[in-house]
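> Supplied in structure tokens, the structure appears directly below.
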Amino acid sequence: MSILIKGGRVIDPGNKTDAVLDILIEGSKIAKVAKDIQAPSATEIDARNKIIAPGIIDIHVHLRQPGREDKETVASGTAAAAKGGVTTVLAMPNTQPAMDSVEHIKFLQGIIANDALVNVLVCGTITRGRLGQELSDIVALKKAGAIAISDDGNSIASDNLMLEAFKQAKQAGLLTICHCEDKKLSGQGVINLGFNSTRLGLRGISNESEYKRVNRDIELAEQSGAAVHIAHVSCRESVEIIAKAKKRGVKVTCETAPHYFALTEEDIIDYDTNMKVNPPLRTKEDVAAIKAGLKNGVIDVIASDHAPHTENEKDIEFERAEFGKIGLESGLAISIMELIDTNVLAWPELVRKISLNPAEILGINKGIFSAGGDADVIIVDAAKEFVLEKKKIVSKSKNSPFIGKKVKGLVEYTIYNGKIVYKS
Amino acid sequence: MIWTKKDLLGLEYLTKEEIELILDTAESFKEVSTREIKKVPALRGKTAVNLFYEPSTRTRVSFEVAAKRLSADVINIATETSSVRKGETLIDTGKNIQALKADIIIMRHNCSGAANMLARALDISVVNAGDGWHEHPTQALLDIFTLKEKLGKIKGLNVAIVGDIAHSRVARSNIWGLTKLGAEVILCAPEMLLPVGIELTGACISTNIDEVLEKVDAVNVLRMQFERDEGAAFPEQLDYFKKYGITEQRLSKAKKDIVVMHPGPINRGIEMSSAVADGVNSVILEQVTNGIAVRMAVLFLVSQAKDAGR
């Protein structure tokens with residue numbers, strides 16, 4: 001089967017392309033990107049006034065399977081991904097059981113082979129059971145197909161163990177993704193430490209609990225020579241620390257999530273538990289630093305940190321509710337509104353952060369339109385305004401802080417491996 | 001001025017005029033408790049439910065007395081013996097009470113924001129009787145009512161709030177209420193008991209109790225909430241009493257008619273000496289009496305707003 005996408009604005013930063021072009025897909029591959037392609041037998045999609053970009057690669061997604069299929073499954077999570085224009089997700093390993101052994105990874109890969117609508121890559125754990133006590137068999141995880149390792153949700157308290165993890169990851173050629181949080185400092189906190197936590201009478205989480213651990217993890221990575229990717233950067237000091245490390249040549253990359261540039265602690269006006277995330281929503285100054293970091297390139301990637309939770313886990317007292325929000329379906333629209341429309345990023349820079357950069361960080365041959373390359377393509381009506389409605393959420397969980405928000409930028413088609421997996 | 005809110009969740013959410021309306025309404029209800037037959041029919045046929053997730057005698061009984069003096073039927077739910085023990089969620093409990101056709105839920109809860117959440121989920125009125133470290137609006141209202149009764153006004157007064165500000169919902173409600181009514185609020189505590197950014201409420205901060213006492217018209221002495229934050233740092237009790245405890249000696253340098261308040265229950269010998277608690281400046285028991293009038297006003301106003309469909 002062939003698909004011909006006609007007349008769209010093709011944004012492909014990997015080839016420095018930003019022009020009105022046609023794209024011909026044959027089978028699962030890109031056949032040609034050029035002006036005025038003629039292919040009478042192909043299914044034609046009129047993409048005039050639309051943006052055509054490589055599919056989004058979301059490097060931080062919780063699919064919850066196995067173990068918490070009531071929150072999300074590979075099937076429901078990848079359907080949500082397709083709706084959001086995401087063609088590759090990196091599944092975080094904090095499942096039940098955790099992805100800490102070859103057996104568990106093989107089991108998940110079996111589910112992915114049957115149920116996934118888009119590409120799902122598996123992240124293994126750094127330590128067994130994510131307990132921070134004993135390293136996983138990192139070489140074996142790599143052989144089983146893990147593309148990175150992370151104890152996401154937890155940070156390894158022991159410096160020695162973390163250093164050893166970096167050393168083994170380097171030998172295995174695996175990327176280490178760090179959730180940076182010193183739990184001795186964040187304690188029982190539930191929102192950012194500041195006037196808002198005082199006003200609401202909630203325990204606070206300091207910036208320090210994040211950036212001190214960012215600093216440590218970068219120093220240990222530097223010492224070992226391993227590559228490190230810092231997950232969900234939320235505060236200004238973390239951005240500064242990463243900027244300095246990059247300058248001195250450390251192999252460090254990082255991501256932030258749309259809620260860290262679209263929302264502040266002040267949005268938690270009435271104990272909305274969908275605003276309860278970890279790290280917490282920070283201040284205006286932090287949001288400004290995140291946006292500056294995106295603009296000047298210190299922050300490489302925007303990832304959703306899609307964290308589905310059931311209503312039973314969210315519709316309860318704020319202090320008792322789970323941390324996390326969903327984001328696969330809203331990430332692109334929020335990024336367009338908060339970054340493109342406010343001139344923080346131009347379109348090619350945004351596409352780079354949601355597709356090309358994550359592909360390069362993970363070392364996969366995606367995020368770029370090359371002849372013979374994977375046909376992962378999205379068609380976006382960037383000007384289309386719509387309201388994010390709860391009843392339209394495809395994810396099994398509905399914990400979005402953006403429900404009811406008027407946004408801009410609708411994904412019209414998501415094509416994965418040459419197949420249309422979503423059409424609006 | 002018409003009251004339009006079905007709930008009372010905190011003083012932060014009220015305007016100056018709304019607070020004044022509650023105080024004025026309380027003033028007219030105060031007389032009821034002095035009658036031979038201490039009852040008016042204002043809430044006859046209404047049902048108020050006391051839903052207390054934290055131990056409380058004073059506040060629960062005060063609400064019960066207030067509701068009964070308005071002729072409402074009162075049901076007390078002790079959460080230790082209810083389905084809450086079986087894992088029922090707060091919203092489910094609330095919806096069940098609503099299904100019983102109760103009119104008002106008066107709730108005390110150990111989680112900040114619990115009353116906000118319940119009020120959002122229900123159509124019936126929710127009155128916050130204290131939520132975590134967040135707010136305790138009727139306590140602040142009765143403090144303000146008592147102060148106004150004693151000193152004739154609130155605007156322009158200097159009021160000190162002393163002690164465990166960090167863990168105190170009473171402090172937060174008092175700060176909002178007093179500043180809205182035009183008083184100057186000075187918070188006085190050791191640094192470890194002053195929460196981050198509290199000065200952004202408009203209150204001033206001091207760590208020197210003797211300086212503060214010299215200039216204020218009233219002092220509200222908070223209870224040390226040892227039970228509310230396990231593992232947190234608290235000052236050593238004797239040391240705290242030495243540095244911040246309200247004693248007769250300290251009061252000797254204060255204005256002669258300084259009003260001394262405490263929301264109770266008192267830790268005698270920690271926050272204040274027994275002599276001060278029982279002394280001429282203390283209005284602690286008058287606060288308790290005024291609590292009934294203030295709570296009558298609140299129950300009456302939220303009920304009226306609900307009936308009017310506002």
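> Could you list, in sequence order, the residues of the stretch B:187-214 that are outside any loop (DSSP other than H, G, I, E, B), in contact with a strand residue (DSSP E or B) (Cβ under 6 Å, 6 or more places away or on another chain) and not hydroxyl-bearing (S, T, Y)?
Residues satisfying the conditions are B:L187, B:C188, B:E199, B:C204, B:I205, B:I209, B:V212.
> Moving to a separate point now. Report yes if some residue within the stretch B:19-34 is surrounded by 15 or more Cβ atoms within 10 Å (Cβ to Cβ), acidic (D, E) and in the same structural domain as B:H109 (by TED's automatic domain parsing); otherwise report no.
Checking the stretch B:19-34: at least one residue is surrounded by 15 or more Cβ atoms within 10 Å (Cβ to Cβ), acidic (D, E) and in the same structural domain as B:H109 (by TED's automatic domain parsing).
> Can you pull out every residue in the stretch B:1-47 that is more than 14 Å from chain A (Cβ to nearest Cβ), assigned to a helix (DSSP H, G or I) and either of a type in the set (V, I, T) or within 29 Å of B:M117 (Cβ to Cβ) (or both)?
B:K16, B:E17, B:E18, B:I19, B:E20, B:L21, B:I22, B:L23, B:T25, B:A26, B:V32, B:T34
> May I ask you to verify whether B:V276 is in contact (Cβ under 8 Å) with a residue 40 or more places away in the chain and in a helix (DSSP H, G or I)?
Considered against the rule, which asks whether it is in contact (Cβ under 8 Å) with a residue 40 or more places away in the chain and in a helix (DSSP H, G or I), B:V276 comes out as no.
> Tell me yes or no: at least one residue of the stretch A:64-85 is touching a residue at least 40 places away in the same chain (Cβ under 8 Å), within 22 Å of A:G363 (Cα to Cα) and in a strand (DSSP E or B).
Checked against the condition, which is being touching a residue at least 40 places away in the same chain (Cβ under 8 Å), within 22 Å of A:G363 (Cα to Cα) and in a strand (DSSP E or B), the stretch A:64-85 yields no hits at all.
> Would you pick out the residues in the stretch A:1-14 that are touching a Ser or Thr at 6+ places or on another chain (Cβ under 7 Å) and not hydrophobic (A, V, I, L, M, F, W, C)?
Hit for the stretch A:1-14 is A:S2, nothing else.
> Residues that are assigned to a loop (DSSP other than H, G, I, E, B), touching a residue at least 12 places away in the same chain (Cβ under 8 Å), of a type in the set (D, E) and surrounded by fewer than 17 Cβ atoms within 10 Å (Cβ to Cβ): does the stretch B:224-234 have at least one?
yes
> Those residues that are in contact (Cβ under 8 Å) with a residue 40 or more places away in the chain and farther than 17 Å from B:N174 by Cα, I need them from the stretch B:1-23; list them, please.
Once the filter is applied, which keeps residues that are in contact (Cβ under 8 Å) with a residue 40 or more places away in the chain and farther than 17 Å from B:N174 by Cα, the stretch B:1-23 yields B:I2, B:W3, B:T4, B:K5, B:K6, B:D7.
> A follow-up question, please. Of the residues that make up the stretch A:60-77, is at least one crowded, with 22+ Cβ neighbours inside 10 Å, of a type outside the set (S, T, N, Q) and closer than 21 Å to A:A375 by Cβ?
Within the stretch A:60-77, not a single residue is crowded, with 22+ Cβ neighbours inside 10 Å, of a type outside the set (S, T, N, Q) and closer than 21 Å to A:A375 by Cβ.
> Follow-up. Here are B:C188, B:C204: which of them is surrounded by fewer than 16 Cβ atoms within 10 Å (Cβ to Cβ) and modelled with pLDDT of 95 or more?
B:C204
> If you don't mind, another one. I'd like to check which strands (runs of 3 or more DSSP E) are fully inside the stretch B:48-153 and have at least 1 residues that are in contact (Cβ under 8 Å) with a residue 12 or more places away in the chain and within 14 Å of chain A (Cβ to nearest Cβ).
The qualifying strands (runs of 3 or more DSSP E) are B:104-109, B:125-131.
> Condition test on B:T93, is it polar (S, T, N, Q), over 18 Å from the mean Cα position of the chain (by Cα) and closer than 29 Å to B:R223 by Cβ?
yes
The values are calculated or read from the model by the stated rules, or taken from the named source; none is laboratory data. Computed from a prediction, not measured in an experiment: that's the story for all the values here. Note: ideal-geometry Cβ built from the backbone for every residue, glycine included; neighbour counts use all protein chains shown.
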